[in-house]
1. Can you find a residue that is among the aromatic types (Phe, Trp, Tyr) and loosely packed, with under 14 Cβ neighbours inside 10 Å anywhere in the range 346-356?
2. (1) part of a loop (DSSP other than H, G, I, E, B); (2) modelled with pLDDT of 95 or more: which one isn't true of Gly35, the others all being true?
3. Restricting to the range 138-188, and then to whatever is charged (D, E, K, R) and in contact (Cβ under 8 Å) with a residue 24 or more places away in the chain, can you tell me which residue is surrounded by the most Cβ atoms within 10 Å (Cβ to Cβ)?
4. Going through Pro396, Pro408 one at a time, which residue ends up being surrounded by fewer than 17 Cβ atoms within 10 Å (Cβ to Cβ) and modelled with pLDDT of 95 or more?
5. Mind telling me which of the residues Gly197, Gly129 ends up being modelled with pLDDT under 95, among the small types (Gly, Ala, Ser) and touching a Gly at 6+ places or on another chain (Cβ under 8 Å)?
6. State all residues of the range 434-454 that are under 23 Å from His378 (Cα atoms) and either in contact (Cβ under 8 Å) with a residue 40 or more places away in the chain or of a type outside the set (A, V, I, L, M) (or both); if no residue qualifies, say none.
7. Hey, does the range 234-245 have a residue that's over 19 Å from Tyr284 (Cβ atoms), of a type outside the set (A, V, I, L, M, F, W, C) and within 25 Å of the chain's Cα centre (by Cα)?
8. Suppose we filter Tyr91, Tyr96 for residues that are without any contact (Cβ under 8 Å) to a residue 60 or more places away in the chain and either assigned to a strand (DSSP E or B) or within 23 Å of Ser257 (Cα to Cα) (or both); which single one remains?
Amino acid sequence: MRPIIVLFVSMLCLPAMAQRDFKLTEQRNVWLASGNAAALTTFGDSTISQATLAYRHDGGKLHTMSEGKREDAYSADVRSYYRLSAKVVAYGSATYNRRYMSGAAGSMLMPTLKLMPFDLVEDTYSNAGDKSMETFGIDGAVGWNVWRNLAIGAHIDYTAGTYAKQRDLRHSNTLMDMHTSLNAFMSLPHNSGIGIGMVYSRRTESMMFKTYGTTDQIYYTLIDYANNHGERETFGTEGFTDSKNKLPLLSEHIGVSAQAKCNRIFADIAYFHLNGYYGRKSQYSASHEQHHGDNLELHLRYDIIQRAERLVWIDLSMTTERLTSERENYRRTTANNGTSAIYYEYFEPTKMADKAQTYGSAALNAYWKPSGNIYLWHITGGTYYWTRSQTAYVYPDIYTASRHIIAPFVSARRSLATRGGSLWSAEAGGTATMGSYRQAAAHAAITYEMPVRGTSIRPSISLRYNFRQATSGDTKGQTRNTLSITAAATF
């Protein structure tokens with residue numbers, strides 16, 4: 001927590017500036033969201049920063065086994081766009097998140113929206129316990145206009161984390177997730193430009209499994225390759241839940257990206273190839289699984305109106321992932337040369353799962369009625385979509401399942417400026433999830449933002465309430481309530 005406090009103090013020492021909306025500053029310039037660090041040079045504004053502290057409480061019967069019956073989350077972040085000179089622009093952020101979950105079982109891996117080669121699952125509540133998760137991330141990028149309309153840039157995003165369960169069977173995970181890129185950008189006449197980049201990322205989640213209570217109980221873990229099918233493993237000194245070794249689940253991505261903007265139309269495409277394994281790749285240690293796949297990401301945007309009095313645009317995004325998981329086959333052998341050394345002989349791996357998923361959104365954003373640099377009206381609407389098809393190969397059977405959801409949404413925010421320069425905002429919206437899972441969700445929020453006399457610092461405080469209810473299946477009628485409070489400052 002200490003690095004976050006130091007960063008907050010540092011940011012507060014920056015020069016004050018005019019009242020602005022940090023999120024809108026990013027949204028108005030589509031290059032800032034492209035991931036092309038060289039395109040930071042298109043940032044034509046003065047330095048803008050934002051610091052945030054937040055608390056969230058979740059409770060209710062509608063939850064997954066991994067989420068638990070109750071969850072409390074704390075977060076802090078600070079981020080800034082900073083113009084170092086006429087030719088150099090930098091972006092930096094630091095984030096801290098901590099979550100506590102009670103009565104949780106389910107997955108032993110840190111949650112992610114990405115496809116995973118397998119999952120380690122406690123599929124009953126008999127040994128449910130408290131879980132805690134903590135992450136700290138640093139994200140930095142710099143763009144340098146080296147010659148006329150040509151710019152180069154570099155970006156690194158690093159996240160470290162821990163995840164643990166405080167009841168047997170206990171697991172203790174450590175995460176290292178790093179994304180890096182090198183980029184080039186060339187601005188063209190008529191509000192146009194092109195960009196390219198090379199991307200490398202590496203994610204390692206290392207796991208250790210232990211018991212500290214009664215050791216005469218047998219603990220089982222489902223090695224879930226897909227569709228809740230796989231192999232049930234008894235906790236011991238070998239296998240996926242090895243008690244003697246800390247086992248890493250590693251995935252590496254190498255890819256390329258390209259962006260192009262022609263007047264009002266923007267396109268961003270990226271391709272990644274991934275490889276990875278679980279265990280330790282060595283003749284003297286066991287590697288249990290290997291995987292490979294491909295990812296494709298696409299973002300399209302069309303600016304319908306870009307005027308001082310009104311902003312309207314459409315965003316289309318899509319991500320497609322494919323992943324194949326294979327179980328390693330090996331034989332453990334003890335050397336007979338008098339050394340008693342143990343080594344592993346590997347054979348042809350066995351395919352265990354093929355997975356594919358596609359997700360994204362189509363959304364319309366509209367801002368109007370400006371008051372200075374703040375827009376008093378904001379409406380967004382569209383739909384989220386998600387499909388997943390998985391096949392598990394558990395000899396001699398094959399299990400194939402497909403799931404899909406489509407979730408139309410709408411949200412509106414109205415702000416009122418007072419004579420003293422303060423700003424009151426009220427927001428409300430809803431989502432209807434249809435398809436394989438059916439839910440209804442609604443949210444409401446109120447925010448108060450006020451100036452600090454003698455400066456342009458704009459602190460704010462907001463209260464938000466979310467409600468979800470299942471409308472089909474075994475969980476029909478079950479609800480989940482979320483209450484969050486956020487304190488922020490833009491300067």
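1. Yes; the residues of the range 346-356 include at least one that is among the aromatic types (Phe, Trp, Tyr) and loosely packed, with under 14 Cβ neighbours inside 10 Å.
2. That leaves (2) as the condition not met.
3. First pass over the range 138-188, keeping only residues charged (D, E, K, R): 139, 148, 157, 165, 167-168, 170, 177.
Going one step further and asking which of them are in contact (Cβ under 8 Å) with a residue 24 or more places away in the chain, we end up with 139, 165, 167-168, 170, 177.
On the way: Asp139: 17, Lys165: 22, Arg167: 15, Asp168: 18, Arg170: 18, Asp177: 19.
So the residue we want is Lys165.
4. Values: Pro396 fails: modelled with pLDDT of 95 or more.
When all the criteria are applied, what remains is Pro408.
5. Numbers: Gly197 fails: modelled with pLDDT under 95.
Gly129 is the lone residue from the list that is modelled with pLDDT under 95, among the small types (Gly, Ala, Ser) and touching a Gly at 6+ places or on another chain (Cβ under 8 Å).
6. Here is the first cut: in the range 434-454, the ones under 23 Å from His378 (Cα atoms) are 440-451.
His443, Thr447, Tyr448, Glu449, Pro451 - these are the residues of the range 434-454 that are under 23 Å from His378 (Cα atoms) and either in contact (Cβ under 8 Å) with a residue 40 or more places away in the chain or of a type outside the set (A, V, I, L, M) (or both).
7. Kept after step one, since they are over 19 Å from Tyr284 (Cβ atoms), are these residues of the range 234-245: 234-236, 241.
Filter once more, keeping what is of a type outside the set (A, V, I, L, M, F, W, C): 234, 236, 241.
Those still in the list that are within 25 Å of the chain's Cα centre (by Cα) too: none.
Within the range 234-245, none of the residues are over 19 Å from Tyr284 (Cβ atoms), of a type outside the set (A, V, I, L, M, F, W, C) and within 25 Å of the chain's Cα centre (by Cα).
8. On the way: Tyr96 fails: without any contact (Cβ under 8 Å) to a residue 60 or more places away in the chain.
Within the list Tyr91, Tyr96, the selection yields Tyr91.
The values are calculated or read from the model by the stated rules, or taken from the named source; none is laboratory data. Treat the numbers as computed from the prediction; the structure is a model and nothing was measured. Please note: Cβ atoms are built from the backbone with ideal geometry, for glycine as well, and neighbour counts cover all protein chains shown. Please note that ligands, DNA and RNA were not included when accessible areas were found on the heavy atoms of the full protein model with its side chains. Shrake-Rupley method; radii C 1.70, N 1.55, O 1.52, S 1.80 Å.
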